[in-house]
Number of protein chains: 2
Amino acid sequence: MYHKQIVNVDRVKQVNTAAIYRLIDLQGPISRIQLSEQSQLAPASVTKITRQLLASGLIQEVAQQASTGGRRAISLMTLQRPYQFISARLGRGVLDISLYDLSGSQQAHQQLSVQSKDPNEVTEQIIEDIDAFIEQYHDNQPLIAVTLTLSGLVATASGTVVYTPHYEFRDFALGSKLEEHYKLPIFLGNDTRAMALSEHYFGASQDCLDSALISVRNGTSAGIIIGGEVFMRQHRDVGEIGHIQIDPLGELCQCGNLGCLETVVSNKAIENRVRKIIEQGSPCSLSAAQVNINAICHAANMGDQVCKQVLQHCGQTLGRAIAIVINLFNPEKVLISGEIMQANDIVISGVQQSVSHQALAAFERDTTIQAAQFQQNPTMGGLALVKRALHDGSLLLQLLDS
Amino acid sequence: MYHKQIVNVDRVKQVNTAAIYRLIDLQGPISRIQLSEQSQLAPASVTKITRQLLASGLIQEVAQQASTGGRRAISLMTLQRPYQFISARLGRGVLDISLYDLSGSQQAHQQLSVQSKDPNEVTEQIIEDIDAFIEQYHDNQPLIAVTLTLSGLVATASGTVVYTPHYEFRDFALGSKLEEHYKLPIFLGNDTRAMALSEHYFGASQDCLDSALISVRNGTSAGIIIGGEVFMRQHRDVGEIGHIQIDPLGELCQCGNLGCLETVVSNKAIENRVRKIIEQGSPCSLSAAQVNINAICHAANMGDQVCKQVLQHCGQTLGRAIAIVINLFNPEKVLISGEIMQANDIVISGVQQSVSHQALAAFERDTTIQAAQFQQNPTMGGLALVKRALHDGSLLLQLLDS
DNA sequence: CTACTTATTTTACAAAGAAAATAAACTTGT
DNA sequence: ACAAGTTTATTTTCTTTGTAAAATAAGTAG
């Protein structure tokens, strides 16, 4: 059996401290009195809490605000630059490593290739590469965390990699291995879900509590943000939409089924389809050898009918999946990420067609569909994981003590 | 902008009192020391809270438990029978009214027909009929609430009916009209979602935190329970899966699209399909005139191939929708409700086929699919709405004061 | 009858937030 | 320039809540 949230006294302090830190972080320069209004805590409590945060160096007093008729308010801001962390991202055959500070500015970046698929070998390489990276790029500022994002299912709480499409991880305790080595808080997560959270904190979905990010690259997956948090079930995140059956008579998917979303909506599927049409002799500005996703988008933007048609069909199909997400989650914004968004207008118009037909009218009119903001930076997701840990108090308390 | 949960002192008491009440209600006869263990509150705190609950008559001391080597523990239970409420359900052309007590036993029931589709007229009828029902069946025990469930979208917090398929409600403030008349707490909700919650509290999904109920009757809709609560977005519930496009080349749906789930999975769709096959001359144990959902299920169970095939196909199609729900929500149990479950084995085997192919393996092996427990009683959903209000503290506090 | 267990209650206390009082910084009217 | 009034920030005082520890109650086992 289970019990729901019980509140004891210690927890109150933790929750409220985290809430105040979060407000200062999100709402930039803000006075104590404004914090009190927004948090519904008494001014006295805000003073108590901010005193502690000031003492530990997590926030600072900055300029005074203009007077509104009396004593001028003192603005508070979070300190970002002194807090650095490592964000790594394990893609298909690729390991990206970055050094960030909390402001979100990337101090250094490196990309390496990964040959092995064996969990132990890959883990070893990750540790070696990050070690070398730190050696080379990190100065003497304190590191507060190491994050790793990857495609696949991750049990976030236990730091276990349940499953990955590109490597042979199966219920592999990657988190504890990294923790053992670095003696730092480790944050592990699915890459799409982490990117969705990054868009929520810093990107295109900053202004809304409920959003979804659909990532179309090697495959298709979704990250769903509900109430400002990644939607999770029993400590593992969900959002694997790539194998929704979109057409019972469709193409064979590598998973063994017919007509999965990924058989139409993925870079490889798009490339294959264009190649096929060219080989059938349709007039196209690309030769079969030139076909790749970037070229296709460029050609479509230039007016190439074949490429345009394929991308539009892809958009329509994606729209059917997005309509399902809208009906089930009713997000304010749906963001699409991936190389296809170089042909933004073509894809979006296809998506809109399907959504306007298939999503509930009451929901559809509330939902904006647009391109994601962070298309290029695969390690950006780690930043969100660190922010989240600060905002929910778990990492914040560790920094308060030290 | 928004702020997340802030905890102030008042709230602590409310949350913990509700949590203790919920534990006593769910875990039947239970001692204070067991409550302390399960709630992680100190024994002294449990004593304080239970004292209050005892004083207001919400719980009572029952038998002592057997000794485990020392003083025998005193069992506590919630009091159910003295608390009665009215549960109404507005279906297509039908109004069901029941009198329940908190134990879930139905004291009286009445079914009436509804002719009008006009919101004001329907509201007037509901009030008149409930008044007459109370007059006839209710004795002098206190009524603590009135609930109304219906198909359509309901904004639970504001008591507004956003949309209904069978009546012309559009953003209609039904809740406040009822509240004005009855001067009692009113709980309004979508019927499928309320039934899903009832299954969670009292039925087939009692033992799990995450479940889904799929209702197949006039249409198809889902109720999704996450963490023991109805999954909601900005105060309105979601789960309208009836218009997921399941086949881009499928039949025309009344919503104007092709191949919606409801064009295959609904009582009417099944009946039409069987009728069509019979008219085409296939040998069937039913005549076209005899066709209705109950007869079809019975014939299928007796081995009729036409009926069996249609139901199996319906199951397979439903399975595709359920696979989506499983991939997105990862519930422990999926319950199916509706007349089709009279042919339980046939439908479930079809569902299982699709799910085993299309749901993620990691999720599918954790998910049980079975028939819902409360198939017959349309007002059962209201019971869950009242329970929820007691368990989350909102209704509990009103009863504590009085 | 004594020693030991277990359950519950009482007492004393610590921590957090609320309310009121005070201090500080500024604006405005004279 | 200066008093009066505002607005913000902080401090003090008080109430509430939960908890630890001690006390009490009610059993068991030998």
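The values are calculated or read from the model by the stated rules, or taken from the named source; none is laboratory data. Keep in mind it's a predicted model, so treat the numbers as computed, not measured. Counting neighbours? That spans all protein chains shown, and the Cβs are built from the backbone with ideal geometry, glycine included.
Summary table below
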read-out: Residue in segment A:71-94 that is farthest from DNA strand D (Cβ to nearest atom), counting only those that are within 25 Å of A:Pro378 (Cα to Cα) and among the aliphatic types (A, V, I, L, M); value: A:Val94
read-out: In segment A:51-70, residue nearest to A:Ile30 (Cα to Cα) [restricted to those that are within 10 Å of DNA strand D (Cβ to nearest atom) and at pLDDT 75 or above]; value: A:Glu61
read-out: Check on A:Ala343, closer than 30 Å to B:His243 by Cβ, in a helix (DSSP H, G or I) and in contact (Cβ under 8 Å) with a residue 40 or more places away in the chain; value: yes
read-out: Index of the failed condition, A:Gln80 passing every other in (1) within 12 Å of another protein chain (Cβ to nearest Cβ); (2) touching a Ser or Thr at 6+ places or on another chain (Cβ under 8 Å); (3) closer than 28 Å to A:Thr149 by Cα; value: (1)
read-out: Failed condition for B:Leu41, given (1) touching a residue at least 24 places away in the same chain (Cβ under 8 Å); (2) away from DNA strand C (no atom under 16 Å from the Cβ); (3) touching a helix residue (DSSP H, G or I) at 6+ places or on another chain (Cβ under 7 Å); value: (2)
read-out: Given (1) buried (at least 19 other Cβ atoms within 10 Å of the Cβ); (2) at pLDDT below 95, number of the condition A:Cys314 does not satisfy; value: (2)
read-out: Any hit, segment B:219-234, residues being charged (D, E, K, R) and surrounded by fewer than 18 Cβ atoms within 10 Å (Cβ to Cβ); value: yes
read-out: Neighbours by Cβ (under 7 Å, 6+ apart or cross-chain): first from segment A:271-282, farther than 23 Å from A:Arg217 by Cβ; second at pLDDT below 90; value: A:Glu279/A:Ala288
read-out: Selection within segment B:253-267 - touching a strand residue (DSSP E or B) at 6+ places or on another chain (Cβ under 7 Å) and assigned to a loop (DSSP other than H, G, I, E, B); value: B:Cys253, B:Asn257, B:Gly259, B:Val265, B:Ser266
read-out: Count of segment B:349-388 residues which are outside any helix (DSSP H, G or I) and of a type in the set (Lys, Arg); value: 1
read-out: Options B:Gly223, B:Gly319, B:Gly242, B:Gly250; residue that is assigned to a helix (DSSP H, G or I) and within 14 Å of chain A (Cβ to nearest Cβ); value: B:Gly319
read-out: Selected residue (only one of B:Ile324, B:Ile293 is closer than 18 Å to B:Glu262 by Cα and within 14 Å of chain A (Cβ to nearest Cβ)); value: B:Ile324
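Residues are listed down the side, and each one gets a yes or a no for (1) among the β-branched types (Val, Ile, Thr); (2) surrounded by fewer than 24 Cβ atoms within 10 Å (Cβ to Cβ); (3) within 11 Å of another protein chain (Cβ to nearest Cβ):
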{"residue": "B:Gly303", "(1), (2), (3)": "no, yes, no"}
{"residue": "B:Ile348", "(1), (2), (3)": "yes, yes, no"}
{"residue": "B:Val351", "(1), (2), (3)": "yes, no, no"}
{"residue": "B:Arg365", "(1), (2), (3)": "no, yes, no"}
{"residue": "B:Asn377", "(1), (2), (3)": "no, yes, no"}
{"residue": "B:Ala389", "(1), (2), (3)": "no, yes, no"}
